[in-house]
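Colleague: Provided herewith is a single structure, encoded as structure tokens, for subsequent inquiry.
The values are calculated or read from the model by the stated rules, or taken from the named source; none is laboratory data. Here the structure is a predicted model, which means the values were calculated and not measured. Here the Cβ is made from the backbone with ideal geometry for all residues, glycine too, and neighbour counts use every protein chain on show. Side chains are part of the model used for accessible areas, which takes the heavy atoms of the whole protein and leaves out ligands, DNA and RNA. Shrake-Rupley method; radii C 1.70, N 1.55, O 1.52, S 1.80 Å.
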Amino acid sequence: MGYSLQEIANNVGGRIVGDTANAPDISGVASLTSAGPHDLIFIEDEKLLSTAIGSKAAAIIAPENIAGQVPTTSKLILLSPQPKLTFARAANFITEQRLQDQQLGVHPTAVVHQNAKLGLGASIGPHSVVHNRAEIGARTRIASGVTIGVGVVIGKECVINANVTIYSGSTIHDRVIVHAGAVLGSDGFGYVRDKTTGAYEKFPQIGRLEIHDDVEIGANATIDRGALDATVIGRGTKLDNLVHIGHNVQIGENVVVAAQSGISGSSVIEDAAIIGGQVGIGDHVTIGAGVILGAKCGVPTGKIVRGKGEVYWGVPARPIKQHLKELAALSRLAKSKAEEK
Amino acid sequence: MGYSLQEIANNVGGRIVGDTANAPDISGVASLTSAGPHDLIFIEDEKLLSTAIGSKAAAIIAPENIAGQVPTTSKLILLSPQPKLTFARAANFITEQRLQDQQLGVHPTAVVHQNAKLGLGASIGPHSVVHNRAEIGARTRIASGVTIGVGVVIGKECVINANVTIYSGSTIHDRVIVHAGAVLGSDGFGYVRDKTTGAYEKFPQIGRLEIHDDVEIGANATIDRGALDATVIGRGTKLDNLVHIGHNVQIGENVVVAAQSGISGSSVIEDAAIIGGQVGIGDHVTIGAGVILGAKCGVPTGKIVRGKGEVYWGVPARPIKQHLKELAALSRLAKSKAEEK
Amino acid sequence: MGYSLQEIANNVGGRIVGDTANAPDISGVASLTSAGPHDLIFIEDEKLLSTAIGSKAAAIIAPENIAGQVPTTSKLILLSPQPKLTFARAANFITEQRLQDQQLGVHPTAVVHQNAKLGLGASIGPHSVVHNRAEIGARTRIASGVTIGVGVVIGKECVINANVTIYSGSTIHDRVIVHAGAVLGSDGFGYVRDKTTGAYEKFPQIGRLEIHDDVEIGANATIDRGALDATVIGRGTKLDNLVHIGHNVQIGENVVVAAQSGISGSSVIEDAAIIGGQVGIGDHVTIGAGVILGAKCGVPTGKIVRGKGEVYWGVPARPIKQHLKELAALSRLAKSKAEEK
């Protein structure tokens, strides 16, 4: 079961070049090298056009500027100003249609509290648990082994993968994707040290977690609830696997955080910041809108880093040009010392 | 349902200032800005006193030295030598009382082996599994989706959150909190390389894991069992989310380890050490009592680091003053090189 | 129930020294200090021979070159050219035999789709879920709370520990061990940014994950499936806890990756590379066969690092000798600056 390129174009836009009369149905997407006869592929670089035409694919999404170069013998091409984006949307269209065939509903082994509310078309997988007063929005799919805490609210069309835990106090808006094993709304790392005994006692970690629309959260990532107030993840933000977000952190919209990065308590990450992998951000830091933090850099406690498109690197993080100069200077110094000997 | 400030003070100490006659009941704790009319708040800084009095809160915990400054129109104040600590204890008192209303017992979907032993008031959540010969102490609460391995012993008043896995060979003492997704007692990373084939073969990872009283373990943290002997986590130690503890590691009492730090096999961390986030500690390292390791620093294999209150930073970790001097010297060097050009 | 040293030697090789007539049965393995009267121990260093003979152990595995030094009063010794390896094999032999006593089969609470295929002697633990068309090989043991996605293929004699999630699109070959909480085949971190809105849209993450024979994967590790093609983990490779492997990564055979390291998308790690803890590898990197990456080092995007046995360290990673020279030069520079003042 597939779609014509025209059906796909109707959903994702673009202009078709070529004869749609006898074109094969499209039932999947693939890379240039692995495509089969019912797959859709894409190119961004016009140099790959002949390779793409020579592939086994059913059709190609390509940049508009190649329109004049398409040979008459070509397979079907969908021209787009942003071919990779159009390809992504086409893939989502095809996949989504396919998902509608999957088994839905509440699995008989799921434990759903009688006071929980399930929206129309919500599905709860085997051995998942939905606690008292939790609300699951329409068409949200919860996989197996998931625990949804007391009073948790989840919006519509979310996907919560297997073995995710969502603590009480969490609110998740629409179309949020949470990958397997992630933990949302866990207690933050907050203690008060008794001056007389030296022992750490637990400071209350009873605040909220709010995750806005279209966020995606990677496998085994952890996001702590606020201590007394809220941790907030803004609309469209994407967190990779094993990312850690501490209590009371405020993340803006369309932020990306690559794998294994950690953001300590009460820090603020403004819109559209880009945070590389294994970055560490101390507590009470501000990362300004559009700032780029290179992989493995570290931003010390309390620091404010600003500048749209500015790249920072190193530990402690500094402007990348400065850090590269320092690395070069150090390299020269070590060589000159070596030569002296 | 709430408590009078007097009831709270009876449990956590402190001296009340003000008229308790018509004071509102206290049913929660909050921050200064988010407090409602039945919330308890705290201040540490006397400058915040008038803000606190002007807030919506029912009562304030404040430092003793503000006693003389309290206006007669103030709401109730509880004076304490350690107001944040007293606030934490008050929060725990209120929360604990509330928990007693929660549903307890063994959920019908839990799989509890007939030879497992459950203490009085222990509860096992939906879809959790307690294997043969495991022992769960009195009033310990095990959430949903948890697996407790063969022969595991858990003490009293522990909280094991959802989707935690505890391997066979683990002993957990009293009042330990384990957050969702944590894995305790997994196999360490130990192999023997066959000199003839180059293949790695598994060295036995069959030792024990012992976790003492009042430890808290963060979400998705992992602690490996000993290879042949034991991994030990001392009383009162707190591990943040995504922390990794290798096989045979010995951690003392009241140690704190911030998120995403890792401690390699056979290292020793002595009492009251403070380890920042994303720190890496090689194998067979000793971190002396009270040592402070700055975020992202790295301690090489075999190294011994000592000095109560001494701060180390960098990779490899060195005294922070030395490291800051080096960073400053490098910055000057790069600038002078740049100026030469 | 135990084994004679002869039975063990029949399985793991080696030559026995001493009188086997009245020797105690061996039912376990232990370290020198913790051994009991039915334990097998090993030494690699001949200086430990008398300590080993004086221990409580039932028998000792020792290097061949100590053959001439064994006193007549010694307990049994098994001589081996690789004593630690022989010990590891003996431990596995004893443990494996013991496992055969464990309860097997499909637990009544497991949810196994009618179209899933289970090999002879495969076992599925409580509350695990095996989806449509999944195949589980002979004698593979799946613990509790595990989710096996639609169409996943798992080979024979694998061990999948509790709360593991394996996404659809994954193929796992034989004798693979996956520790608790690991997530295999999750979506990679791939988005296309819409130039007009600034929003990130999901690029399809629908490729495959292939894990070859004898791989071991640590607790809470995450391995993403390919975006359109495959992520591949080669035979005999060992990944420690909390390791992250991005989409389309190709890892060769007998690679070891220590805890909390991360490998970004499309990178290639060739055979027998050794990667320390908390290492970060950017995307499209090549790590050549046998290269050694020191703990916490970082390899930037696109970099090619080669040299069997060559050690790299630092961020960005450089030959360790160079990096150590730089560290030394910097230390001298800071001291000289300090002295100037």
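Colleague: When the residues of region B:114-138 are filtered to those that are of a type outside the set (A, V, I, L, M, F, W, C) and out of contact with any Ser or Thr (no Cβ under 8 Å at 6 or more places or on another chain), which remaining residue is nearest to the other protein chains (Cβ to nearest Cβ)?
Modeller: Ranking the qualifying residues of region B:114-138, first place goes to B:Asn132.
Colleague: Please identify the pairs in which a residue from region C:4-18 that is farther than 14 Å from C:Ala91 by Cβ has its Cβ atom under 7 Å from the Cβ atom of a residue that is of a type in the set (D, E, K, R) and open to solvent by 50 Å² or more (accessible area, probe 1.4 Å), counting only partners at least 6 apart or on another chain.
Modeller: That search, which allows pairs on different chains as well, returns C:Ser4/C:Asp25.
Colleague: Let me ask something additional. Can you find a residue in region B:11-21 that is closer than 28 Å to A:Arg208 by Cβ, within 14 Å of another protein chain (Cβ to nearest Cβ) and touching a Phe, Trp or Tyr at 6+ places or on another chain (Cβ under 9 Å)?
Modeller: So far as region B:11-21 goes, yes, one or more of its residues are closer than 28 Å to A:Arg208 by Cβ, within 14 Å of another protein chain (Cβ to nearest Cβ) and touching a Phe, Trp or Tyr at 6+ places or on another chain (Cβ under 9 Å).
Colleague: When residues of region A:1-44 are filtered for being touching a Leu at 6+ places or on another chain (Cβ under 6 Å), among the small types (Gly, Ala, Ser) and surrounded by fewer than 17 Cβ atoms within 10 Å (Cβ to Cβ), how many remain?
Modeller: Number satisfying all stated conditions: 1.
Colleague: Which of the residues spanning region B:235-262 are among the polar types (S, T, N, Q) and not in a loop (DSSP other than H, G, I, E, B)?
Modeller: Of everything in region B:235-262, just one residue is among the polar types (S, T, N, Q) and not in a loop (DSSP other than H, G, I, E, B), namely B:Gln250.
Colleague: Okay, moving on. Determine which single condition A:Val111 fails, assuming it passes every other condition in (1) away from chain C (no Cβ under 14 Å); (2) out of contact with any Lys or Arg (no Cβ under 9 Å at 6 or more places or on another chain); (3) open to solvent by less than 70 Å² (accessible area, probe 1.4 Å).
Modeller: Unmet for A:Val111, out of (1) away from chain C (no Cβ under 14 Å); (2) out of contact with any Lys or Arg (no Cβ under 9 Å at 6 or more places or on another chain); (3) open to solvent by less than 70 Å² (accessible area, probe 1.4 Å): (1).
Colleague: Checking A:Ala227 against (1) among the hydrophobic types (A, V, I, L, M, F, W, C); (2) in contact with a strand residue (DSSP E or B) (Cβ under 7 Å, 6 or more places away or on another chain); (3) part of a loop (DSSP other than H, G, I, E, B), only one condition comes out false. Which one?
Modeller: For A:Ala227, the failing item is (2).
Colleague: In region A:274-305, what residues are under 25 Å from C:Val192 (Cβ atoms), small (Gly, Ala, Ser) and open to solvent by less than 40 Å² (accessible area, probe 1.4 Å)?
Modeller: Within region A:274-305, A:Gly276, A:Gly277, A:Gly288, A:Gly290, A:Gly294 qualify.
Colleague: Quick one: which of A:Asp214, A:Asp174, A:Asp271, A:Asp229 is open to solvent by 30 Å² or more (accessible area, probe 1.4 Å), within 24 Å of A:Lys303 (Cα to Cα) and away from chain B (no Cβ under 14 Å)?
Modeller: A:Asp271
Colleague: Restricting to region C:232-254, name every residue that is touching a residue at least 60 places away in the same chain (Cβ under 8 Å) and open to solvent by less than 10 Å² (accessible area, probe 1.4 Å).
Modeller: C:Asn241
Colleague: Here's something else I'd like to know. Can you tell me how many residues within region A:319-333 are open to solvent by less than 40 Å² (accessible area, probe 1.4 Å) and more than 8 Å from chain B (Cβ to nearest Cβ)?
Modeller: Residues meeting the conditions: 3.
Colleague: Just one of B:Gly181, B:Gly185, B:Gly198 is part of a loop (DSSP other than H, G, I, E, B) and more than 14 Å from chain A (Cβ to nearest Cβ); which is it?
Modeller: B:Gly198
Colleague: Continuing with this model, one more query. Name the residue, out of B:Lys308, B:Lys335, B:Lys321, B:Lys325, that is in contact with a helix residue (DSSP H, G or I) (Cβ under 6 Å, 6 or more places away or on another chain) and either closer than 30 Å to A:Thr197 by Cβ or not in a loop (DSSP other than H, G, I, E, B) (or both).
Modeller: So the residue among B:Lys308, B:Lys335, B:Lys321, B:Lys325 that is in contact with a helix residue (DSSP H, G or I) (Cβ under 6 Å, 6 or more places away or on another chain) and either closer than 30 Å to A:Thr197 by Cβ or not in a loop (DSSP other than H, G, I, E, B) (or both) is B:Lys325.
Colleague: Can I ask one more? Go through C:Gly290, C:Gly265, C:Gly277 for me and flag whichever is part of a loop (DSSP other than H, G, I, E, B), away from chain A (no Cβ under 12 Å) and small (Gly, Ala, Ser).
Modeller: C:Gly290 is the lone residue from the list that is part of a loop (DSSP other than H, G, I, E, B), away from chain A (no Cβ under 12 Å) and small (Gly, Ala, Ser).
Colleague: State all residues of region A:114-163 that are open to solvent by 40 Å² or more (accessible area, probe 1.4 Å) and within 22 Å of C:Asn163 (Cα to Cα); if no residue qualifies, say none.
Modeller: Once the filter is applied, which keeps residues that are open to solvent by 40 Å² or more (accessible area, probe 1.4 Å) and within 22 Å of C:Asn163 (Cα to Cα), region A:114-163 yields A:His131, A:Arg141, A:Val150.
Colleague: Another one. Looking only at region B:144-167, count every residue that is assigned to a strand (DSSP E or B) and at the interface with chain C (Cβ under 8 Å from one of its Cβ atoms) and tell me the total.
Modeller: Counting residues in region B:144-167 that are assigned to a strand (DSSP E or B) and at the interface with chain C (Cβ under 8 Å from one of its Cβ atoms) gives 2.
Colleague: So is B:Leu48 in contact (Cβ under 8 Å) with a residue 12 or more places away in the chain, away from chain A (no Cβ under 14 Å), open to solvent by less than 10 Å² (accessible area, probe 1.4 Å) and over 21 Å from A:Gln205 (Cβ atoms) or not?
Modeller: Criteria not met by B:Leu48.
Colleague: Taking the stated definitions as given, is C:Ser186 surrounded by 20 or more Cβ atoms within 10 Å (Cβ to Cβ) and either farther than 16 Å from A:Gly218 by Cβ or charged (D, E, K, R) (or both)?
Modeller: Considered against the rule, which asks whether it is surrounded by 20 or more Cβ atoms within 10 Å (Cβ to Cβ) and either farther than 16 Å from A:Gly218 by Cβ or charged (D, E, K, R) (or both), C:Ser186 comes out as no.
Colleague: Looking at A:Thr86, A:Thr140, A:Thr109, A:Thr147, can you tell me which residue is within 22 Å of B:His179 (Cβ to Cβ) and modelled with pLDDT of 95 or more?
Modeller: Among A:Thr86, A:Thr140, A:Thr109, A:Thr147, only A:Thr147 is within 22 Å of B:His179 (Cβ to Cβ) and modelled with pLDDT of 95 or more.
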